[in-house]
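Beneath this line is the structure, given in structure tokens, with notes to follow.
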Amino acid sequence: MQRSKKILVASHCVINQNAVVGGEARSPGVMKAAVDWTYEQGYGLFQLPCPEFTFLGPERPPMTFEEYDTPEFRAHNRKILQPVVEQLKTYQDHGYTLVGGLGIAGSPSCDPGKGVFIRIFLELTAEAGVDIDFFWQIPNTPEGHFDPHDPGSRFGPTRSISHAEGGSSS
């Protein structure tokens, strides 16, 4: 079977809800609707690391965008993203298409509009010449049902992110 050579970059908890802050999971394991849609499209899934889990561990308290937007957390994000960006660049340089990203609406780290981690991720990919032009999102609802045709599941072009409210650049 021939590979699609199309990759969707996904926030860690799309594939592993066990990394989510206690009480905030939107699924017991994977975000099934998002994973099923990715499979139906023929996309490979590239799982990003969970910056909150690797920074504060599994028993961390819920925190806000502002509480995560610190020099220490931003430096941590850059450190864990360097090998990720290098790998994505390798894919791109070998003819793979990065069809977009899938973030988590309302997450202080992975919200496509203002998440601290996603903003740094897009800064680093832009610096490396890695093209990620569009973001979908898991809606900020208790069940987080993903439907790519629902406006709540579509964030839009990444140029929207650089002009979105919230977060600061480093």
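Summary table
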{"quantity": "Table column - 3J(HN,Hα) (Hz), segment 109-123, Karplus curve with 6.51, -1.76, 1.60, x for Gly and Pro", "calculated": "9, 10, 5, x, x, 8, x, 4, 5, 5, 4, 5, 4, 5, 4"}
{"quantity": "Segment 3-90: GluC sites (Glu not before Pro) in DSSP coil with no more than 14 other Cβ atoms inside 10 Å", "calculated": "24, 59"}
{"quantity": "Residue exposure sequence - 88, 45 - by fewest surrounding Cβ within 10 Å", "calculated": "45, 88"}
{"quantity": "Cα-based reach from residue 89 at 22 Å (exclusive), listing lysines while leaving out same-chain residues under 8 positions away", "calculated": "5, 6, 79"}
{"quantity": "Antiparallel %, DSSP beta bridges [both residues in the chain], to 5", "calculated": "20"}
{"quantity": "Charge dipole (debye, nearest 20) of the chain; +1 at Cβ of Lys and Arg, -1 at Cβ of Asp and Glu", "calculated": "400"}
{"quantity": "Amide H within-cut-off set for residue 102, under 5 Å, with H built and near neighbours excluded", "calculated": "9, 10, 11, 136"}
{"quantity": "Simple label model, 7 Å out from Cα along Cβ direction - residue 97 to residue 4, nm", "calculated": "1.0"}
{"quantity": "Under 5 Å, built H, 5+ apart or other chain: amide partners of residue 97", "calculated": "6, 7"}
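The numbers here are math on the coordinates, done by the rules we state, and not lab data. For clarity, every value in this text was computed on a predicted model and none was experimentally measured. With ideal geometry, Cβ positions are generated from the backbone for all residues, glycine too; neighbour counts draw on all protein chains shown.
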